[in-house]
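Participant: Input: one structure, supplied below.
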Amino acid sequence: MKNIFLFLLLSTLLLAQNKAPKISIEPDEFDFGKIVEGTVVNKEFKITNKGNDVLKIEKVRASCGCTAASPKKNELKPGESTTIDVAFNSANRAGKQKKHVYVFSNDPDKAEYRFTFFAEVVKDDEAVLMTAPQLKLYRHSYDFGKTFEGEKLKLTINYENSGKETLEIKDVKTSCGCTVASLSSKKLNPGEEGKINIEFDTTDRTGKMARTITLFTNDPKNPEQTITLFVNILERNS
């Protein structure tokens with residue numbers, strides 16, 4: 001009987017020693033991506049007590065004054081969850097940001113729990129570019145090499161709208177009448193591709209030459225883009 005009593009007492013003591021809260025926060029990292037300077041962004045982080053005793057959140061501290069964080073509850077029973085609302089004010093910030101939030105609790109293993117968020121703060125004009133159309137040419141130059149006078153050289157170059165709005169090609173100009181460029185489409189939705197079909201007429205021309213084709217678009221970052229063509233035209237033997 002005495003041995004049973006000692007066993008139960010020791011078991012109770014061991015259980016009491018193992019009884020503890022355990023904090024878990026999800027996600028422990030979050031990226032807001034690109035945000036316009038001056039805006040305030042929010043994210044809720046989930047806190048769960050995965051232990052077997054009451055978790056007490058004693059304090060929450062952010063790594064800078066630009067960040068506010070507060071839990072909805074300060075005490076969690078085993079298995080219970082709550083959230084911490086984190087607000088990041090990007091005013092007077094620029095570039096890539098990395099901020100931490102520290103949660104202090106009675107978790108014996110993680111009395112100070114840190115989670116992190118990221119953001120890239122951009123100016124208004126940069127934000128416009130983020131949502132603008134963008135012309136991507138797959139080639140900006142091409143060398144036909146050597147050819148004989150009178151040949152009609154042909155070339156196809158792909159292009160793409162890699163931006164976020166509809167791309168409009170307003171005009172195409174060539175540097176001489178020997179070159180003709182035609183487009184498969186003057187308007188492309190985001191992600192769409194087109195083709196520029198080029199014909200270079202070498203009639204009555206000899207020697208090394210460079211000719212250009214310029215595209216005028218509504219791409220605000222690069223409204224004019226040029227393709228340069230090179231060729232070495234040889235005289236035909238009579």
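Participant: How many residues are assigned to a strand (DSSP E or B), of a type in the set (A, V, I, L, M) and either under 16 Å from D31 (Cα atoms) or out of contact with any Phe, Trp or Tyr (no Cβ under 7 Å at 6 or more places or on another chain) (or both) when one looks only at segment 85-121?
Facilitator: Counting residues in segment 85-121 that are assigned to a strand (DSSP E or B), of a type in the set (A, V, I, L, M) and either under 16 Å from D31 (Cα atoms) or out of contact with any Phe, Trp or Tyr (no Cβ under 7 Å at 6 or more places or on another chain) (or both) gives 5.
Participant: Could you say whether any residue in segment 41-60 is modelled with pLDDT of 85 or more and of a type in the set (S, T, Y)?
Facilitator: Among the residues of segment 41-60, at least one is modelled with pLDDT of 85 or more and of a type in the set (S, T, Y), which makes the answer yes.
Participant: Right, another one. Considering only segment 27-80, give the strands (runs of 3 or more DSSP E) lying wholly within it that have at least 3 residues that are not assigned by TED's automatic domain parsing to the domain that holds Y102.
Facilitator: By residue number, no strands (runs of 3 or more DSSP E) qualify.
Participant: For segment 79-87, indicate whether the set of residues that are surrounded by 19 or more Cβ atoms within 10 Å (Cβ to Cβ) and polar (S, T, N, Q) is non-empty.
Facilitator: no
Participant: With respect to K195, is the statement that it is of a type outside the set (S, T, Y) and touching a Ser or Thr at 6+ places or on another chain (Cβ under 6 Å) true?
Facilitator: Yes; evaluated as a whole, the condition is true for this residue.
Participant: In segment 195-223, what count of residues is obtained for those that are more than 25 Å from the chain's Cα centre (by Cα) and not hydrophobic (A, V, I, L, M, F, W, C)?
Facilitator: Of the residues in that region, 14 qualify.
Participant: Within segment 181-231, track down each residue that is surrounded by 13 or more Cβ atoms within 10 Å (Cβ to Cβ), closer than 26 Å to K152 by Cβ and charged (D, E, K, R).
Facilitator: Result: K186, E193, K195, E199, D201, R205, R211.
Participant: Taking the condition of being closer than 30 Å to M130 by Cβ and out of contact with any strand residue (DSSP E or B) (no Cβ under 6 Å at 6 or more places or on another chain), how many residues in segment 37-63 meet it?
Facilitator: 2
Participant: Moving to a separate point now. Can you go through E75, E80, E37, E58 and tell me which one is acidic (D, E), in contact with a Ser or Thr (Cβ under 7 Å, 6 or more places away or on another chain) and closer than 16 Å to I23 by Cβ?
Facilitator: E58
Participant: Ok, one more. Only one of (1) exposed (fewer than 14 other Cβ atoms within 10 Å of the Cβ); (2) in contact with a Phe, Trp or Tyr (Cβ under 8 Å, 6 or more places away or on another chain); (3) of a type in the set (S, T, Y); (4) modelled with pLDDT of 95 or more is not met by T156, so which one is it?
Facilitator: The one condition T156 does not meet is (2).
Participant: Can you confirm whether segment 162-174 contains a residue that is modelled with pLDDT under 95, out of contact with any Ser or Thr (no Cβ under 9 Å at 6 or more places or on another chain) and not assigned by TED's automatic domain parsing to the domain that holds N52?
Facilitator: So far as segment 162-174 goes, yes, one or more of its residues are modelled with pLDDT under 95, out of contact with any Ser or Thr (no Cβ under 9 Å at 6 or more places or on another chain) and not assigned by TED's automatic domain parsing to the domain that holds N52.
Participant: In the list A132, A94, which residue meets the criterion of being surrounded by 15 or more Cβ atoms within 10 Å (Cβ to Cβ), more than 30 Å from K208 (Cβ to Cβ) and not polar (S, T, N, Q)?
Facilitator: A132
Participant: Out of T156, T131, T166, T147, I need the residue that is β-branched (V, I, T), in contact (Cβ under 8 Å) with a residue 60 or more places away in the chain and farther than 30 Å from A20 by Cα. Which one?
Facilitator: Result: T147 is the single residue among T156, T131, T166, T147 that is β-branched (V, I, T), in contact (Cβ under 8 Å) with a residue 60 or more places away in the chain and farther than 30 Å from A20 by Cα.
The values are calculated or read from the model by the stated rules, or taken from the named source; none is laboratory data. These figures come from a predicted structure and were not determined experimentally. Ideal geometry is used to build each Cβ from the backbone, glycine not excepted, and the neighbour counts take in all protein chains shown.
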